[in-house]
Amino acid sequence: MRVQSVERRELPASFPAALAVVRPSLSAGEMGRLIEARLSGERERRLRFLASRLPSREDAEDVLQDFSIRAIQGAARLSDPQKIDAWLNVSLRNTLFDRYRREGARRRLQQGVASEPPPAEHGDTDEDMEASMACLSRAIGELKPAYATLIRRAELQQTPLKVVAEELDLTANNVAVRLHRAREALRQSMRARCAACPARCSAAERFLARQVS
């Protein structure tokens, strides 16, 4: 029997099979230390990136601090050191976008307040304001716990819905729907409170008038 010679060829480095290298995964502690080192080494570059997109260096410092905390807390979700840079870049941009959304919400709130007549025109006193805030606080406390949490986090603390969704292990759309229901429940509660109040404040009068119109 004739044996044919076999030619051995070396595969090029670009050949997919040559790239199938199994890399050991890192523990959460090892990943955390590696991420901290990356954060320290790239701090100035990321600070320049943020400073070019925010009004002041102080704003950039604040966002960078938020980003660093998120990165360290999220280290447990990573195991492949080759993905750190891409993950950090996405996290940095998400933190920056969250800042944009918070600033946008704050501007809208300020514009809404500015469009309201001055307190003197309403005749509101300090006692009226304290009474209305106390009523609102009690109404929130009497909501379902899930609704009360959403109102406090998303409305009073101005927490981005994406962050609230992560805290509750829900999708952002799901949180938005629940927040809409929570607002409606709070509106109904305040309407009933104000309508039944024997010593109705001026804020309650305006609120009820808006409900009718």
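Numerical summary
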read-out	value
Residue check, Glu58 modelled with pLDDT under 90 and closer than 17 Å to Ser79 by Cβ	no
Members of the stretch 153-162 found to be at negative phi and touching a helix residue (DSSP H, G or I) at 6+ places or on another chain (Cβ under 7 Å), listed by number	Arg153, Ala154, Thr159, Pro160, Leu161, Lys162
Hey, Leu156 loosely packed, with under 14 Cβ neighbours inside 10 Å and either modelled with pLDDT under 75 or in contact with a Cys (Cβ under 6 Å, 6 or more places away or on another chain) (or both) or not	no
Odd one out for Glu36 among (1) closer than 30 Å to Ala154 by Cβ; (2) in contact with a helix residue (DSSP H, G or I) (Cβ under 7 Å, 6 or more places away or on another chain); (3) charged (D, E, K, R)	(1)
Candidate set: the stretch 36-47, residues that are assigned to a helix (DSSP H, G or I) and over 23 Å from the mean Cα position of the chain (by Cα); chosen: the one surrounded by the most Cβ atoms within 10 Å (Cβ to Cβ)	Arg38
Hits in the stretch 106-153 - residues which are among the β-branched types (Val, Ile, Thr), modelled with pLDDT under 60 and surrounded by 11 or more Cβ atoms within 10 Å (Cβ to Cβ)	Thr125
Number of positions in the stretch 186-204 that are surrounded by fewer than 18 Cβ atoms within 10 Å (Cβ to Cβ), in contact with a helix residue (DSSP H, G or I) (Cβ under 7 Å, 6 or more places away or on another chain) and not in a helix (DSSP H, G or I)	2
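The values are calculated or read from the model by the stated rules, or taken from the named source; none is laboratory data. Remember, predicted model here, so these are calculated numbers, not experimental data. So basically every Cβ, Gly included, is an ideal-geometry build from the backbone, and we count neighbours across all protein chains shown.
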